[in-house]
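Asks: Before anything else, here's the structure in question.
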Amino acid sequence: MKRFNDAFVGGFRSASSSIRMVLVLYVSNLVIALPLALMFRGIMTSAIGNSMLTDRLLAGFDATVYAGFLRNGSKGLGALGSAVGWGAALSMVLTTVLDGGILGQLSSGGRRFTLASFFGDCGRYLWRYLRLSLIFAPVLVIVFLGSTALFGSIYDAVDRSAVSEVDVIRARILILAATLFLVGLVVLMSDYARVETVRSDARSMFRVSWIAVKFVFRRFLSVVGLQLALLVVSLCVIAAYLLAENPMNVSTGAGILALLVAQQVTIVLRMFIRVATFAGERHLYLSLVAPQSASFPEVLARSAPALPVALPVPSGTPVPASLPTPAGPPLAAEPDVVPVPRTPRQPRARMKARPRTRSKGKISKLPATGRRAVRRKERS
């Protein structure tokens, strides 16, 4: 419980000290979101045009209106689904790019935040995070399809035996919650794999993924508890935005401006919670699996022997001029060691080189006069 509290509080403290990074994340998302909003508007305009069909169908929404929308507005619904799909894909890519910068800055050890270091960390871990996404994306699809098939069969059984619509609605809510829980579990494994990648500067993404999977299952309660606590904070932010949005009058310029400000503040808070989430996950991971090693001065301080500390002497206590001599026979004085003078090393006398004599029919290396005498003797 203590580690859980430390991770939760430590995550928000780290996010509070990284306000500049939160603002960079907000601006980056805003730069990407504006083209997406224009693309979304273009798709909806080309599909529906200026028709008020959607507004009339959504007014007083009920099952009949929903059926009419599916029958008459299928073209607009398909365009809406396409725009949402493209937006989600680009959002995932942007998240993958920026996550490296977030975790890199959180692991920098108090290094001053700069745009160069942030985007440098984004580029440093981009390829590794893309490989992690390629590993976890198929797992996510398999878990989603498998849970949908399993819970779909359970829902059909409940629907056939249901007495009232209340039982069917409860079954839908439980099935949706279970599916989201399994999908969120895979996302958590991906997050802790990214934390381990930055911590150990790993290159093998399969090994990192396996470490993250084992960590999530071994520390299941701590991991899920931390994520649920952060999810509650996110839901509180969304609820506060919805409560502030309801009384706003968007028919006036001031109301539109107030709504715009409320939306941007909500986005900034979401970025803040995102940084706090990564910081809390990193804090929990390091405290449970890989605690940070102490610095070199701390290691020296721990290994050094404790020195005696002088106790305070009360005023008025006589202090002896010298320490008393211990009782017993006096210690024998150590004999003086007389150093033996070292005699200098005498240089070795050089010996005169002997001239080489003739051997095996070869003339030795003699002076020129000696060689001529030998040749004359051989000729005679």
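Matching residues to (1) without any contact (Cβ under 8 Å) to a residue 60 or more places away in the chain; (2) closer than 30 Å to residue 138 by Cβ; (3) within 26 Å of the chain's Cα centre (by Cα); (4) assigned to a helix (DSSP H, G or I):
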| site | (1), (2), (3), (4) |
| --- | --- |
| 216 | yes, yes, yes, yes |
| 221 | yes, yes, yes, yes |
| 225 | no, yes, yes, yes |
| 233 | yes, no, yes, yes |
| 237 | yes, no, yes, yes |
| 240 | yes, no, no, yes |
| 250 | yes, no, no, no |
| 256 | yes, no, no, yes |
| 262 | yes, no, no, yes |
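Asks: Need the failing condition index for residue 202 against (1) modelled with pLDDT under 90; (2) exposed (fewer than 14 other Cβ atoms within 10 Å of the Cβ); (3) under 26 Å from the mean Cα position of the chain (by Cα), just the number.
Replies: (2)
Asks: Further question: Is the range 272-287 home to any residue that is modelled with pLDDT of 85 or more, in a helix (DSSP H, G or I) and more than 16 Å from residue 188 (Cα to Cα)? Walk me through how you get there before you give the answer.
Replies: The initial filter retains those residues of the range 272-287 that are modelled with pLDDT of 85 or more, namely 272-287.
This time we only want the ones that are in a helix (DSSP H, G or I), so: 272-287.
Now restrict to residues that are more than 16 Å from residue 188 (Cα to Cα): 272, 287.
Within the range 272-287, one or more residues are modelled with pLDDT of 85 or more, in a helix (DSSP H, G or I) and more than 16 Å from residue 188 (Cα to Cα).
Asks: Being free of Cβ contacts under 8 Å to residues at least 40 places away in the same chain, within 20 Å of the chain's Cα centre (by Cα) and within 25 Å of residue 33 (Cβ to Cβ): is that true of residue 274 here?
Replies: For residue 274, the condition - free of Cβ contacts under 8 Å to residues at least 40 places away in the same chain, within 20 Å of the chain's Cα centre (by Cα) and within 25 Å of residue 33 (Cβ to Cβ) - is not met.
Asks: Assuming residue 214 fulfils every condition listed in (1) surrounded by fewer than 16 Cβ atoms within 10 Å (Cβ to Cβ); (2) at pLDDT below 90; (3) not aliphatic (A, V, I, L, M) apart from one, which condition is it?
Replies: (2)
Asks: From the set of residues in the range 156-187 that are polar (S, T, N, Q) and part of a helix (DSSP H, G or I), which is surrounded by the fewest Cβ atoms within 10 Å (Cβ to Cβ)?
Replies: For the range 156-187, the residue satisfying everything is 161.
Asks: Scan (1) closer than 22 Å to residue 273 by Cβ; (2) free of Cβ contacts under 8 Å to residues at least 40 places away in the same chain; (3) basic (Lys, Arg) for the single condition residue 194 breaks and write down its number.
Replies: So the condition that residue 194 fails would be (2).
Yes/no per residue for (1) of a type in the set (Asp, Glu); (2) within 25 Å of the chain's Cα centre (by Cα); (3) surrounded by 18 or more Cβ atoms within 10 Å (Cβ to Cβ); (4) part of a helix (DSSP H, G or I):
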{"site": "118", "(1), (2), (3), (4)": "no, yes, yes, yes"}
{"site": "121", "(1), (2), (3), (4)": "yes, yes, yes, yes"}
{"site": "126", "(1), (2), (3), (4)": "no, yes, no, yes"}
{"site": "134", "(1), (2), (3), (4)": "no, yes, no, yes"}
{"site": "139", "(1), (2), (3), (4)": "no, yes, no, yes"}
{"site": "143", "(1), (2), (3), (4)": "no, yes, no, yes"}
{"site": "150", "(1), (2), (3), (4)": "no, no, no, yes"}
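Asks: Filter the range 83-106 down to residues that are of a type in the set (Ser, Thr, Tyr) and surrounded by fewer than 16 Cβ atoms within 10 Å (Cβ to Cβ) and give me whichever is modelled with the highest pLDDT.
Replies: Applying the filter and picking the extreme gives 95.
Asks: Among (1) of a type in the set (Phe, Trp, Tyr); (2) under 19 Å from residue 231 (Cβ atoms); (3) exposed (fewer than 14 other Cβ atoms within 10 Å of the Cβ), there is one condition residue 192 misses while meeting the rest; what is its number?
Replies: Against the list (1) of a type in the set (Phe, Trp, Tyr); (2) under 19 Å from residue 231 (Cβ atoms); (3) exposed (fewer than 14 other Cβ atoms within 10 Å of the Cβ), residue 192 comes up short only on (3).
Asks: Looking at residue 207, is it within 29 Å of residue 123 (Cβ to Cβ), surrounded by fewer than 16 Cβ atoms within 10 Å (Cβ to Cβ), at pLDDT 90 or above and not aromatic (Phe, Trp, Tyr)? Walk me through it before giving the result.
Replies: On the way: within 29 Å of residue 123 (Cβ to Cβ): yes; surrounded by fewer than 16 Cβ atoms within 10 Å (Cβ to Cβ): yes; at pLDDT 90 or above: yes; not aromatic (Phe, Trp, Tyr): yes.
Yes; evaluated as a whole, the condition is true for this residue.
The values are calculated or read from the model by the stated rules, or taken from the named source; none is laboratory data. Note that this is a predicted model, so its numbers are computed, not measured. Because the Cβ atoms are built from the backbone with ideal geometry, glycine has one as well, and the counts that use them run over all protein chains shown.
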